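Q: One structure follows; several queries about it will come next.
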Amino acid sequence: MVHEEDIYSIGHITRTHGVRGEVAFRFTSDVWDRVDADYLFCRIDGLPVPFFLEEWRFRSDDTALLKFEDIDNIDQALQLVGCEVLFPKAQIG
C-alpha cells in the first residue's frame with residue numbers, strides 16, 4: 001500500500017484525447033519528465049492507484065498527452081478525467 005508521505009501531486013487529468021485511450025495531463029511539476037518514471041498514480045475514489053506509462057508527449061508548456069497501459073479506449077480514459085496525478089517520491093534519485 002502507498003502512503004501519502006510517499007507521493008505528491010504533480011497535476012490533473014483534464015480530458016480525453018482521441019479514441020485510443022490517451023488523456024491530457026496538465027502538470028504543475030515537470031519531475032515526471034526529468035526523472036525516468038515507469039508509472040504515475042491517479043487518485044481514484046480517494047486512493048492512489050498506479051498506472052504504467054506506455055507513452056507520452058508534450059502538448060504545450062503545461063500539458064502533456066499520456067497513454068497508460070491497459071487504458072485502450074475513450075470509455076476507459078473518461079474514468080480518469082478529473083483525477084489528481086501523483087508522483088512516487090521513491091523514483092527520485
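The values are calculated or read from the model by the stated rules, or taken from the named source; none is laboratory data. Owing to the predicted nature of the structure, the values given are computational and were not obtained by experimental measurement. We place every Cβ from the backbone using ideal geometry, glycine too, and count neighbours over all the protein chains shown. Heads up: the accessible areas ignore ligands, DNA and RNA and are worked out on the full protein's heavy atoms, side chains in. Shrake-Rupley method; radii C 1.70, N 1.55, O 1.52, S 1.80 Å.
Q: Could you grab the pairs with beta carbons closer than 6 Å, sequence gap of 6+ or different chains, first residue in the range 70-93 and surrounded by 14 or more Cβ atoms within 10 Å (Cβ to Cβ), second one part of a loop (DSSP other than H, G, I, E, B)?
A: Short answer, once both residue conditions are applied: ILE71/GLY21; ASP72/GLY21; ILE74/VAL19; GLN76/GLY21; ALA77/GLY21; ALA77/ILE71; GLN91/VAL35; GLN91/ALA37.
Q: Still on this structure: Checking TRP56 against (1) more than 12 Å from the chain's Cα centre (by Cα); (2) among the hydrophobic types (A, V, I, L, M, F, W, C); (3) at pLDDT below 95; (4) open to solvent by 70 Å² or more (accessible area, probe 1.4 Å), which single condition isn't satisfied?
A: (1)
Q: Hey, among LEU53, LEU40, which residue is touching a residue at least 24 places away in the same chain (Cβ under 8 Å) and either part of a strand (DSSP E or B) or not basic (Lys, Arg) (or both)?
A: Details: LEU53 fails: touching a residue at least 24 places away in the same chain (Cβ under 8 Å).
Answer to the selection: LEU40.
Q: Among (1) in contact (Cβ under 8 Å) with a residue 12 or more places away in the chain; (2) open to solvent by 50 Å² or more (accessible area, probe 1.4 Å); (3) among the hydrophobic types (A, V, I, L, M, F, W, C), which single condition is LEU47 missing?
A: Condition (1) is where LEU47 drops out.
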